[in-house]
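Contents: one structure, followed by commentary.
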Amino acid sequence: MVLTAYGGRCVYCDERQSETLEHEAPLASGKGRDIWWNLVPACDRCNSWKQKKSAVEWVLNMKLHHAHPKVGFCRNSLPLHVVKGVKDRIAEVKREIQDAPRRTWFERHYGDKKTPRLRREKHEEVERCTEKMERYPYPPWESRETRHSDQYCTRVLCCGHTQKNSTFTYVTLAKSDREDLKRMAYEKGLWIGDLIGTLLTPTPEEWRQSQHDDDEDPQGGA
Ligand SMILES: [Zn+2]
Ligand SMILES: [Zn+2]
């Protein structure tokens, strides 16, 4: 949930891919807690540069370093214009992570998954998650829930297709048509399958009608 926030980028340098969960207030300081709302996505480089400092202390050190480069406030620093944006970016990413529908969506989709032990496996999982989210034209948690459930995701954009008296069928569409249909579906608050269903429903009805007309024709002509 945290690593996919902020477009998957590091909140500190605003440039590299996020690779690690960074405690904004470090555990070592006694103020930080090992809980999701204290975590921000960061790259390994920023994580190692920040060391055990809090984000506020680190930003201050880097600013002092730029003002007095010879004093030695820190060995490595991000460019000044990047340093200046850290506070706002942290606030932005925290708003994103704390967004209730987004959290619920992650809980419903990944809540029962165990965090893989290996770093490589963790990153593969994040990649799969990012890929999944990119399939939707809009963040799926922004779409309406089709019904109330405490356990399952019923958002129309991703899992809203589990409806009574219906069954799956496949349609073949050009990629561009499919992309536009997804946007249409989102705007109408429908799951894409339901939208295609509504569009198709008159067709079998017309066909049934025509079959019926054919049956009656010989008598009608007599
Ligand atoms: Zn970084
Ligand atoms: Zn879903």
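When only residues in the range 33-55 that are away from ligand 1 (no atom under 15 Å from the Cβ) and without any contact (Cβ under 8 Å) to a residue 12 or more places away in the chain count, which is least open to solvent (accessible area, probe 1.4 Å)?
Top of the filtered list is ILE35.
Of the residues that make up the range 2-11, is at least one buried (at least 17 other Cβ atoms within 10 Å of the Cβ), aromatic (Phe, Trp, Tyr), more than 18 Å from the chain's Cα centre (by Cα) and within 16 Å of ligand 1 (Cβ to nearest atom)?
no
Please go through (1) in contact (Cβ under 8 Å) with a residue 40 or more places away in the chain; (2) open to solvent by 100 Å² or more (accessible area, probe 1.4 Å); (3) over 12 Å from the mean Cα position of the chain (by Cα) for GLU142 and return the number of the only condition it doesn't satisfy.
Status for GLU142: all satisfied but (3).
Of the numbered conditions (1) in contact with a Gly (Cβ under 7 Å, 6 or more places away or on another chain); (2) buried (at least 18 other Cβ atoms within 10 Å of the Cβ); (3) more than 24 Å from GLU142 (Cα to Cα); (4) at pLDDT 90 or above, ASP14 satisfies every one except a single condition; which is it?
With respect to (1) in contact with a Gly (Cβ under 7 Å, 6 or more places away or on another chain); (2) buried (at least 18 other Cβ atoms within 10 Å of the Cβ); (3) more than 24 Å from GLU142 (Cα to Cα); (4) at pLDDT 90 or above, ASP14 is out only on (2).
Take the range 27-37 and flag every residue that is touching an Asp or Glu at 6+ places or on another chain (Cβ under 9 Å) and in a loop (DSSP other than H, G, I, E, B).
Once the filter is applied, which keeps residues that are touching an Asp or Glu at 6+ places or on another chain (Cβ under 9 Å) and in a loop (DSSP other than H, G, I, E, B), the range 27-37 yields only GLY32.
Return only the number of the condition from (1) open to solvent by 80 Å² or more (accessible area, probe 1.4 Å); (2) within 15 Å of ligand 2 (Cβ to nearest atom); (3) not hydrophobic (A, V, I, L, M, F, W, C) that THR172 does not satisfy.
(2)
Could you please let me know if LYS113 is open to solvent by 40 Å² or more (accessible area, probe 1.4 Å), within 16 Å of ligand 1 (Cβ to nearest atom) and in contact (Cβ under 8 Å) with a residue 12 or more places away in the chain?
no
Does the range 64-87 contain at least one residue that is closer than 30 Å to THR154 by Cβ and basic (Lys, Arg)?
no
Restricting attention to the range 60-81, does a residue exist that is of a type in the set (Ser, Thr, Tyr), away from ligand 2 (no atom under 15 Å from the Cβ) and not assigned by TED's automatic domain parsing to the domain that holds ARG183?
Within the range 60-81 (the criterion being of a type in the set (Ser, Thr, Tyr), away from ligand 2 (no atom under 15 Å from the Cβ) and not assigned by TED's automatic domain parsing to the domain that holds ARG183), the answer is yes, since at least one residue qualifies.
The values are calculated or read from the model by the stated rules, or taken from the named source; none is laboratory data. Since the structure is predicted, the reported quantities are computational estimates derived from the model, not experimental observations. No Cβ is skipped: glycine too gets one built from the backbone with ideal geometry, and neighbour counts run over all protein chains shown. Only protein heavy atoms, including side chains, enter the accessible area calculation; ligands, DNA and RNA are left aside. Shrake-Rupley method; radii C 1.70, N 1.55, O 1.52, S 1.80 Å.
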